[in-house]
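Visitor: Please read through the structure below; I'll follow up with questions.
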């Protein structure tokens, strides 16, 4: 697993464009362009990306907007406990590994599958 922090939406887009990644963690309050916009940008570049959203001083409508834009979960900062957040990341990693295994098995068993 690699970690690639970005301090703005523009930098994040530059980081993920043309790269393979599975999980993105973003903040609703990014400089210049925030809210659900980072999620929409991520999903337009990588439709299967798993986006977790962090929010501090956010209202419920912002969080619902992020979920509607494709985020898989939202967490409020500061995190009182890390377990729920780490569990969400672990669940996504397990699902990704399961999908990758199924795809590899399918490709081996059925040459007509295109990925």
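Visitor: Test of understanding: among 47, 34, which residue is at pLDDT below 85 and under 16 Å from residue 6 (Cα atoms)? Explain how you work it out, then say what you get.
Guide: Values: 47 fails: under 16 Å from residue 6 (Cα atoms).
Exactly one of 47, 34 is at pLDDT below 85 and under 16 Å from residue 6 (Cα atoms), namely 34.
Visitor: Further question: For the range 61-75, indicate whether the set of residues that are modelled with pLDDT under 85 and in contact with a helix residue (DSSP H, G or I) (Cβ under 9 Å, 6 or more places away or on another chain) is non-empty.
Guide: No: zero hits.
Visitor: Also, I was wondering about something else. Tell me which residues, restricted to the range 56-82, are part of a loop (DSSP other than H, G, I, E, B) and more than 22 Å from residue 46 (Cβ to Cβ). Walk me through how you get there before you give the answer.
Guide: Here is the first cut: in the range 56-82, the ones part of a loop (DSSP other than H, G, I, E, B) are 56-59, 69-70, 77-82.
Result: 56, 57, 58, 59, 77, 78, 79, 80, 81, 82.
Visitor: Quick one: which residue in 42, 9 is at pLDDT 85 or above and touching a helix residue (DSSP H, G or I) at 6+ places or on another chain (Cβ under 9 Å)? Spell out how you get there, then give the answer.
Guide: Numbers: 9 fails: at pLDDT 85 or above.
The conditions single out 42.
The values are calculated or read from the model by the stated rules, or taken from the named source; none is laboratory data. Model, not experiment: these values are computed from the prediction. Don't worry about glycine lacking a Cβ; one is built from the backbone with ideal geometry, like all the others, and counts go over all protein chains shown.
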